[in-house]
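Peer 1: Below you will find the structure I want to go over with you.
Since every read-out is calculated from the coordinates, none of them should be taken as a lab result. In this text, all values refer to a predicted model and were calculated from it rather than measured experimentally. Backbone-built Cβ (ideal geometry, glycine too); neighbour counts: all protein chains shown.
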Ligand code: TXA
Ligand code: MG
């Protein structure tokens, strides 16, 4: 199939925008459209149309055990995908929606079982991206949308990233420029006691705990089939570049030492070493040795800035000739937790 490309300005568009109308029409016909959200681009289809949802799985080559997040543009829409909207969930939605928080709710019988991979709970979020919400409102049905990458690959933060993986496999992409947050939404089961944090993301653990009290952090047990896990997508190798990703402790000295070691051994084999380099961490002396491909990641400890550039950086460094990518590992605080999670899974 030919993938159509539509562009829209994030800061100035109208509800009657022609790109929105065209994309809504494709979705109404049961097609697939890659859409911008504030986290990453998602591959959307009508969540209430089982055949449309099936096209998402086919395009991404996503296994059917991995359930999809449903995106809504209003609280009224929740009733079409969830049986109830319990108070505990409402309190979090009130504080963090629209935004990068995904809540597990009891599934409505109207929702095709493929969306939840046969589970009794559905993952729902209301995106903060105005284009995403305008498109859902124009379509007038909730959209199922996983990240718009081939299964297991790095999540896309630009329309170009989407096309690199999915050109010819989806009906359209709606380009609104780079996404602002850069890592996916936080996935939370608010109905467990204590609430269970399934995937760290754009809303931090600290922010949620201020509203909901202490959270439990989900740790996928080893050696289980994904179907048996509380959140199946979280156990697998994911976000993976083709080059080897080597994580080092998040200190300047550790990174400099690792760079020296890798340049010595990889340089001998004629390979380049890629580095996710925080501002001012590599001095002239290190750079002078050559054999490096650098990505200017951002200021260390500015976790939101580093999150925004993470996937673009991994994609940039993952090129022919680069055999290993070195990356310092942020600490488990604020958005550092989500960065750490994505990096550990990419390196698995
Ligand atoms: O920011 C985001 O969340 C992006 C944008 C497009 O909204 N979406 C996204 O979707 O990251 P995806 O499919 O790449 O990741 C969704 C994660 C998966 O790990 C999946 O296993 C989990 O959420 N999940 C979805 N539905 C679930 C359910 N009913 N129960 C448990 N886990 C679920
Ligand atoms: Mg994904």
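Peer 1: Relative to the first principal axis of the alpha-carbon coordinates of the chain, what is the inclination of helix 130-139, with its axis defined by its Cα atoms, in degrees from 0 to 90 and to the nearest 10?
Peer 2: 30
Peer 1: For Cα pairs less than 8 Å apart in space and 6+ apart in sequence, what is the mean separation divided by the residue count of the chain, i.e. the relative contact order in percent?
Peer 2: 19
Peer 1: Per DSSP helix of 4 or more residues, -39500 (n - 2.57); summed, then divided by the residues of the chain. What does that give at 222 nm, rounded to the nearest 500?
Peer 2: Result for the chain: -9500 deg cm²/dmol, rounded to the nearest 500.
Peer 1: Arranged by the count of other C-beta atoms within 10 angstrom, fewest first, what order do 173, 263 take?
Peer 2: Sorted ascending by nearby Cβ count, the order is 263, 173.
Peer 1: Only Cα pairs under 8 Å and at least 6 apart count here; give the relative contact order of segment 1-159 as a rounded whole percent.
Peer 2: The normalised contact order for segment 1-159 reaches 33 percent.
Peer 1: Measure nothing fancy, just the Cα-based angle from helix 336-347's long axis to the longest principal axis of the chain, in degrees from 0 to 90, nearest 10.
Peer 2: That helix lies at roughly 70 degrees to the long axis.
Peer 1: Note the angle between two axes, namely the Cα long axis of helix 18-28 and the longest principal axis of the Cα atoms of the chain, as a number of degrees from 0 to 90, rounded to the nearest 10.
Peer 2: 70
Peer 1: How big is the chain by Rg and Dmax over its Cα atoms, in Å?
Peer 2: Expressed in Å, the Cα Rg and Dmax of the chain come to 20.3, 63.
Peer 1: Please compute the contact order of segment 115-253 in relative form: average sequence separation of alpha-carbon pairs under 8 Å and at least six residues apart, divided by the residue count, as a percent.
Peer 2: It rounds to 17 percent for segment 115-253.
Peer 1: Could you compute the FRET efficiency for residue 287 and residue 210, with r as their C-beta to C-beta distance and R0 at 51 Å, rounded to 0.05?
Peer 2: Computed FRET efficiency for residue 287 and residue 210 comes out at 0.75.
Peer 1: Classify segment 176-309 as rounded, prolate or oblate, taking a ≥ b ≥ c as the square roots of the eigenvalues of its Cα gyration tensor: rounded when a/c is under 1.5, otherwise prolate if a/b is larger than b/c and oblate if not.
Peer 2: prolate
Peer 1: If packing is taken as the mean number of other Cβ atoms within 10 Å per residue, what is the order of 216-224, 65-73, highest first?
Peer 2: Ranked from most to least packed, the peptides come out as 65-73, 216-224.
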